[in-house]
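The values are calculated or read from the model by the stated rules, or taken from the named source; none is laboratory data. In this text, all values refer to a predicted model and were calculated from it rather than measured experimentally. Counting neighbours? That spans all protein chains shown, and the Cβs are built from the backbone with ideal geometry, glycine included. To get the accessible areas, we keep the full protein, side chains included, count just its heavy atoms, and leave off ligands, DNA and RNA. Shrake-Rupley method; radii C 1.70, N 1.55, O 1.52, S 1.80 Å.
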Amino acid sequence: AAVAIPVIVVFVAALIKKLTEMFSERIMNNYSEQKLKEIQGVIKQVVSLVAQTYVDDLKSRGEFDSREQKAALGLAEAKAKALLTKESLVFISRNYKNADAWLKSCIEMEVRNGNKGNA
């Protein structure tokens, strides 16, 4: 019986450690999912805003070329950074090597998705 107590204590400690890891992982996954949804919402908003206030006007005048396309992307990136919370920007930096490149690729993907919907 005296031998069983240390074994039970070790088992309970291992079980508590495993449960703590599982709950921590679940919390982190929920947090990550929430942050990504928030970031995606900001990107959609920014792409729509830049399209309506900048791109559409240039297109209607036939002046939307590759130079203006780069300018629109830069404008969208700047607006996204301004609208994202500091916590979201830190999340991006911690989870993706190059935050600027990641944000740019997300904006470009949103533009492509929007263009597919308008085609």
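Can you tell me the FRET efficiency between Arg61 and Met109 if r is taken as the Cβ-Cβ distance and R0 is 25 Å, rounded to the nearest 0.05?
On the way: r = 27 Å, r/R0 = 1.07.
Here the calculated transfer efficiency is 0.40.
Counting only other residues whose beta carbon sits under 15 Å from that of Glu87, what net charge do I get with K and R as +1, D and E as -1?
Details: positive: Lys35, Lys37, Lys81, Lys86, Arg94; negative: Glu33, Glu38.
Result for the neighbourhood of Glu87: +3.
Give the lysines whose C-alpha is closer than 20 Å to that of Lys37, dropping any in the same chain fewer than 8 places away, or say none.
Lys79, Lys81, Lys86, Lys97, Lys104
Please report the Cα spread of segment 80-119 along all three principal axes, rounded to whole Å, starting with the longest.
36, 20, 11
Which whole-number value in Å² is the accessible area per residue of segment 15-119, probe 1.4 Å? Intermediate results must be reported in sequence, preceding the final value.
Working: 7520 Å² over 105 residues.
It amounts to 72 Å² per residue over segment 15-119.
Show that you can apply the helix-only estimate: for the chain, add -39,500 (n - 2.57) for every DSSP H stretch of four or more residues, divide by all residues, and state [θ] at 222 nm to the nearest 500. If you can, show how the numbers build up before the last one.
Details: 5 runs with 100 residues, N = 119.
Only helices count here, giving -29000 deg cm²/dmol.
Could you give log10 I(q)/I(0) at q = 0.15 Å⁻¹ for segment 47-104, computed by the Debye formula over C-alpha point scatterers of equal weight, without solvent?
-0.51
Check each of the trypsin sites (Lys or Arg not before Pro) in segment 15-108 and keep only those in coil by DSSP with at most 16 other C-beta atoms within 10 angstrom; list them in order. Walk me through the numbers before you get to the answer.
Details: sites: Lys17, Lys18, Arg26, Lys35, Lys37, Lys44, Lys59, Arg61, Arg67, Lys70, Lys79, Lys81, Lys86, Arg94, Lys97, Lys104; in loops: Arg61, Lys97.
Sites meeting the loop and neighbour criteria: Arg61, Lys97.
Leaving out ligands, DNA and RNA but keeping every protein chain, what accessible area does Ile8 have, in Å² rounded to the nearest 10, with a 1.4 Å probe?
100
Describe numerically, in nm with one decimal, the distance between label points set 7 Å from Cα along Cα→Cβ at Ala78 and at Phe23.
4.7
Contact order normalised by length for the chain, with contacts defined as Cα pairs under 8 Å and 6 or more residues apart; what percent is it? Write out the running numbers ahead of the final one.
Values: 41 pairs, mean separation 34.0, N = 119.
Once normalised by length, the contact order is 29 percent.
State the Kirkwood hydrodynamic radius of the chain in Å, one decimal place, computed from all pairs of distinct Cα atoms. Mind dumping the intermediate values first?
Details: mean 1/r = 0.0574 Å⁻¹.
One over the average 1/r among Cα pairs gives 17.4 Å for the chain.
Which percent of the accessible heavy-atom area of the chain goes to carbon and sulfur, probe 1.4 angstrom?
Details: 5170 of 8740 Å².
Roughly 59 percent, rounded to a whole number.
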